[in-house]
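Below is one structure, written out as structure tokens; comments come after it.
The values are calculated or read from the model by the stated rules, or taken from the named source; none is laboratory data. For clarity, every value in this text was computed on a predicted model and none was experimentally measured. Positions of Cβ are backbone-derived with ideal geometry, glycine not excepted, and every protein chain shown enters the neighbour counts. The protein model used for the area step is the full one, side chains on, heavy atoms only, and it has no ligands, DNA or RNA in it. Shrake-Rupley method; radii C 1.70, N 1.55, O 1.52, S 1.80 Å.
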Amino acid sequence: MILLGLAGTVLPVLPGTVLVWGGIVLGAWIDDFARVGMTTVVVVSVLALLAWGLEYVAGLMGAKKAGASKLALMGAAVGTVLGLFMGLVGVLFMPLVGAAVGEYLARKDHARAVKVGIATWVGIMVGLIAKVVLAFTMVGIFGAALLI
């Protein structure tokens, strides 16, 4: 379950963070929380919530940082949802397209629309990297708890 979750941190069809968290909680429960105690489970749970939150807001934060209009933020959100149905490429690039289209519709400025789209994409990439790092941190904490 944990390995499937790690794959899911970059594959859009799998709820990566949830699977990693679920595998860790299941592993702790199977051992009756003897080696992996509640403190470890709570720490891992907080990291999972952080990773899950980053997954959904990073692209929007990138767009907002670039000074995106409300229509661009809505476009990024719509692009994110549509991208879920288009596989990895859709997840990575549809928020960019949505933000750029929304910004263009709001301000009719090609250069600004491209800037907002790229900022959205950068935010998504930062969120993806942070999510992967947090998932591996969760697994590391779990592994350390098992061995100590």
Going by the structure shown, is V101 over 14 Å from A72 (Cβ atoms), open to solvent by 20 Å² or more (accessible area, probe 1.4 Å) and of a type outside the set (S, T, Y)? no
Just the residues that are in contact (Cβ under 8 Å) with a residue 40 or more places away in the chain, surrounded by 15 or more Cβ atoms within 10 Å (Cβ to Cβ) and either touching a Leu at 6+ places or on another chain (Cβ under 6 Å) or under 21 Å from I148 (Cα atoms) (or both), please, taken from the range 29-49. V36, T40, V43, V44, L47
Unique residue being of a type in the set (D, E) and in the same structural domain as F142 (by the TED database) when the list is E103, E55: E103
Please name all residue pairs, on different chains or six or more residues apart, with Cβ atoms under 7 Å, provided the first residue is in the range 67-85 and is touching a residue at least 60 places away in the same chain (Cβ under 8 Å) and farther than 22 Å from K108 by Cα and the second residue is open to solvent by less than 60 Å² (accessible area, probe 1.4 Å) and in a loop (DSSP other than H, G, I, E, B). L84/P12
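Residues of the range 19-31 being over 30 Å from G90 (Cβ atoms) and in a helix (DSSP H, G or I), which ones? Before you say what the answer is, go through the steps one by one.
Of the range 19-31, the ones over 30 Å from G90 (Cβ atoms) are 25-31.
Once the filter is applied, which keeps residues that are over 30 Å from G90 (Cβ atoms) and in a helix (DSSP H, G or I), the range 19-31 yields V25, L26, G27, A28, W29, I30.
Could you tell me whether W52 is under 25 Å from T137 (Cβ atoms), at pLDDT 85 or above and surrounded by 13 or more Cβ atoms within 10 Å (Cβ to Cβ)? Working first, answer last.
Numbers: under 25 Å from T137 (Cβ atoms): yes; at pLDDT 85 or above: yes; surrounded by 13 or more Cβ atoms within 10 Å (Cβ to Cβ): yes.
Criteria met by W52.
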